[in-house]
1. Could you count how many residues in region 67-86 are in a loop (DSSP other than H, G, I, E, B) and either closer than 16 Å to residue 349 by Cβ or not β-branched (Val, Ile, Thr) (or both)?
2. Given the criterion surrounded by 16 or more Cβ atoms within 10 Å (Cβ to Cβ) and modelled with pLDDT under 95, identify the matching residue among 344, 352, 302.
3. Can you go through 241, 232 and tell me which one is in contact with a Lys or Arg (Cβ under 7 Å, 6 or more places away or on another chain), closer than 24 Å to residue 286 by Cβ and buried (at least 20 other Cβ atoms within 10 Å of the Cβ)?
4. With 342, 326 as the choices, which residue is closer than 30 Å to residue 236 by Cα and of a type in the set (A, V, I, L, M)?
5. Return a yes/no flag: does region 378-395 have any residue that is assigned to a helix (DSSP H, G or I) and more than 25 Å from the chain's Cα centre (by Cα).
6. Which of the residues that make up region 149-165 are at pLDDT 90 or above, of a type in the set (A, V, I, L, M, F, W, C) and either exposed (fewer than 15 other Cβ atoms within 10 Å of the Cβ) or under 20 Å from the mean Cα position of the chain (by Cα) (or both)?
7. Between 324, 366, which is out of contact with any strand residue (DSSP E or B) (no Cβ under 7 Å at 6 or more places or on another chain), touching a residue at least 60 places away in the same chain (Cβ under 8 Å) and assigned to a helix (DSSP H, G or I)?
8. If you check 36, 114, 64, which single one turns out to be surrounded by fewer than 18 Cβ atoms within 10 Å (Cβ to Cβ), modelled with pLDDT of 95 or more and assigned to a helix (DSSP H, G or I)?
Amino acid sequence: MEKPTPNADSMSDEWCRRHFDHLSPELAATMPATMARMRELCPVARSEEHGGFWVVSTYDEALAVAQDWEVFSSAHGLGISSAPTVIRNLPVQADPPEQRIYKRLINPFFTPAAVAPWEQATRELAGRLIDEFVESGSCEFMDAFARPFPSLTFFQLAINAPAEDLEKVAYLASKSSTPDDPEARECWRGLYEWIRDFTRRRRAEPPRGDVVDAVVHAEIDGRPITEEEVIGTVQLLILGGLETTAGTLGQMLERFCAHPEIPARLRARPELIPSAVTELLRLDGSFVAVGRTAVRDAELGGRQVKAGDKVLIHWASANRDAAEFADADAFDPDRERNRHLAFGAGPHRCAGSNLARLNLRVALEELLGRLDGIRLQEGATVEYHRGLTRSPDTLPITFTPGPRRFPKAV
């Protein structure tokens, strides 16, 4: 049977009911409208794609699946159809109580108190990146800022990794997290090998007191942590630290281009920026979906899910559910109740959420303070990275040229 084709605004009803495909480039392009249609037509849908799986698109059902780890397991992988990782990502590819062991290793390094001392260095990194393009009045935002900014802060401040390796690791992380990319399998191998070599070096070096030290020198139930456990834990940190914040920054700037009244409002009232970050995470968070596997028969939204069935939780759709968020598609930094799911929910809620919030707040403060008149370059179209995360592939923008802040390097 030929698959239905999309219309200009969203995918067809038949596609939503039977052929939902999270890897579809058409879904990436029409996601808000298509997911609104999913919530209306089939809050729990059964797709025939990728061997068959369920799609959960409403807030209450997404939260229920995320919190019920005893029925909907993470231990069988997070994707629906993807190139297999060389090693499992920890702690997200484990269920409690095992999951809690690895989560406790990394959590202390990403509390609000732990990341707060990084703010000044983070702000300087943002300022120096902006200096590289602010005088020209234009840039390709993803390459000039959105990707390097969170990657540099993560490499330099969180894991103390060599800055010269960043471009390579960012490429491997991006390709491996795109399930249908022909290079995905090879890039998973490359990422594994880089982490293996990096953590072996760190194990032999004097301790720096960071999360990498905590992982490589950990004990699990009275035994030394294995190399596979070390690599799997650091692998997850890298995927979360490099990919997701970049995608959110890109979508935020795309929103500013389409709605110039938003940056104007935030410049006039900078005290709104922290709450604006929360609201923009709800609307434009790049971690859009995650997979679970039912380990026993269950009922979900009136549908019968069988043991072994795959279930896709669509966070981005849940975050625009009008049953939870009044005027759900509107940007409202004064929203009183904002229990968004941009960082997931349940035992696997993102451990790096405080670092992401710091990066996004500092980035907005610096960008809004220095880039005025932000617009998408004339004739430009935006296409998206697709899969479990969503971000603009490129975002060419123009703005009013401004002065550098730091002296040029000699």
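1. Adding up the residues that qualify gives 13.
2. 352
3. Numbers: 241 fails: in contact with a Lys or Arg (Cβ under 7 Å, 6 or more places away or on another chain).
None of the other options fit; the residue is 232.
4. 342
5. Restricting attention to region 378-395, the residues satisfying the condition of being assigned to a helix (DSSP H, G or I) are none.
No, every residue in region 378-395 fails to be assigned to a helix (DSSP H, G or I) and more than 25 Å from the chain's Cα centre (by Cα).
6. Those that are at pLDDT 90 or above, of a type in the set (A, V, I, L, M, F, W, C) and either exposed (fewer than 15 other Cβ atoms within 10 Å of the Cβ) or under 20 Å from the mean Cα position of the chain (by Cα) (or both): 149, 152, 154, 155, 157, 158, 159.
7. Values: 324 fails: assigned to a helix (DSSP H, G or I).
Being out of contact with any strand residue (DSSP E or B) (no Cβ under 7 Å at 6 or more places or on another chain), touching a residue at least 60 places away in the same chain (Cβ under 8 Å) and assigned to a helix (DSSP H, G or I) holds for just one of 324, 366, which is 366.
8. 114 is the lone residue from the list that is surrounded by fewer than 18 Cβ atoms within 10 Å (Cβ to Cβ), modelled with pLDDT of 95 or more and assigned to a helix (DSSP H, G or I).
The values are calculated or read from the model by the stated rules, or taken from the named source; none is laboratory data. Since the structure is predicted, the reported quantities are computational estimates derived from the model, not experimental observations. Positions of Cβ are generated from backbone atoms using ideal geometry, with glycine treated the same way; all protein chains shown enter the neighbour counts.
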